[in-house]
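Reviewing the structure listed below.
The values are calculated or read from the model by the stated rules, or taken from the named source; none is laboratory data. In this text, all values refer to a predicted model and were calculated from it rather than measured experimentally. Positions of Cβ are generated from backbone atoms using ideal geometry, with glycine treated the same way; all protein chains shown enter the neighbour counts. Just the protein is used for accessible areas: all its heavy atoms, side chains included, with ligands, DNA and RNA removed. Shrake-Rupley method; radii C 1.70, N 1.55, O 1.52, S 1.80 Å.
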Amino acid sequence: MRLIDSRRLTGVNLDLDVPGAIAEVAFDPEDDIAQLLAQWHARIGEATEALGWPCARVVRRYADGRGAALVFAAPPDALYLATDINDWALDPAARPLCDLLPDWQAAAERERVPGLAALEGAARERDLPLLLDDDYLTLGSGAGARTWPRKAAPRREDVPWDSLRAIPVALVTGTNGKTTTARMLARIARSAGHVPGNTSTDGLAIDEQVVEPGDWTGPGAARIVLRDPRVTLAVLEVARGGILRRGLAVDRCGVACITNIGADHLGEYGVDDLATMARVKAVVARVVRPGGRIVLGADSPELLALPTDAFPAPVAWFSRDPDHPRLASHRSAGGDTFFVSRDGLLT
């Protein structure tokens, strides 16, 4: 078994609803795969128990059978250490846990944000987002946010909670049409009186003014928008690569849209088929608030096959075909649908 990549997952991701670490591995023909995976499980279990961390572990075998993603949950302020532990668990010649534990405990202390658990709990009680990266900690979002340097995070009792709030957030993903959809929503929001923050493959824009051109579709770009004090509504394009490399920037949003599923970018990060690609894109649906909406394109069979009954919010389907069977059945059940009518109007 060969290690291909080891990295942090800073937010909700394909395998976990919490941050963690992921190691991508490739198998050799002579490998006893079951034994190797059992050894990884055991070593990660030993390490996380010794550190007092969560014990969630996931092995995601790739469809081609030649590799896997090995993922485990870790505290959001210990992710660099978590990647080191994943590397250790995969190295048969690594030093024993008892030798390494003091170094790991010291590394965890250096990476730790004092009082983070208390801040997370207080934010959750108030239904406020908390954003954390290598440099900053933010409570609230957009015009309702307050940001501190990571190393100077406040105590729970020193936070001006009454001044914080969460702005509306929409996530847009899919294979095609993401940027067009996100920019259209930003225009609608601006016309309604909002100051939209928008990330897309065209750039990072505030109030429809591009402040950083280029491909800005990862969680880092989203955090920039969500920390901007001018922004009153965020429309964030979410790319497949960002979901797989780092996870989402947010763990709650008001609406998520998946435009469609196509064969672009297959063969990367163990995503070898359209069904798996649909699962990757559907990560955005998992963070929609119960009162929000999940908007799906009915013209993609892979989206039609998703287990929408397990989603946390109602689904709205759209199609170019006014007679699409899924739209017809969804409407008859009282659900929301959108389509282009025969006279060319969006209905």
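Scanning the chain for GluC sites (Glu not before Pro) in DSSP loops with at most 15 other Cβ atoms within 10 Å, what's the longest stretch left with none? Don't skip to the answer; put the middle values down first.
Working: sites that count: Glu30, Glu208.
Value returned for the longest uninterrupted segment is 31-207.
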- List the extent of the Cα atoms of the chain along each of their three principal axes, largest first, rounded to whole Å. 72, 54, 38
- Task: Report the net charge of residues surrounding Thr232, where surrounding means a beta-carbon distance below 15 angstrom and charges are Lys +1, Arg +1, Asp -1, Glu -1.
- Result: +2
- Please work out how much length the chain gains when fully extended from Arg2 to Arg112, using 0.36 nm per residue of separation minus the C-alpha to C-alpha distance, in nm with one decimal. 36.6 nm
- Message: Around Ala47, under 14 Å between beta carbons, what's the net of Lys plus Arg minus Asp minus Glu among the other residues?
- Response: -4
- Message: Need the full-extension length gain, Ser191 to Arg331, defined as separation in residues times 0.36 nm minus the C-alpha distance. One decimal, nm.
- Response: 47.5 nm
- Task: Give, in nm to one decimal, the length gained when the segment between Ser163 and Ala56 is fully stretched (0.36 nm per residue of separation minus the Cα-Cα distance).
- Result: 35.0 nm
- What is the spread of the Cα atoms of region 35-172 along each of their three principal axes, largest first, in whole Å? 53, 39, 23
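Please report the relative contact order for the chain, taking Cα pairs under 8 Å with a sequence separation of at least 6, and give it as a percent rounded to a whole number.
The value is 14 percent.
Accessible area per residue for the chain in Å², computed with a 1.4 Å probe and the full protein assembly in place, what is it? Don't jump to the answer; show the numbers that get you there.
Details: 16120 Å² over 347 residues.
I get 46 Å² per residue for this part.
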- Average Cα contact separation per residue, region 1-67, under 8 Å, 6 or more apart, as relative contact order %: 29
- the chain, Gaussian network, Cα under 10 Å: of Leu171, Leu51, Leu128, the residue fluctuating most is Leu51
- Message: Around Pro314, under 14 Å between beta carbons, what's the net of Lys plus Arg minus Asp minus Glu among the other residues?
- Response: +1
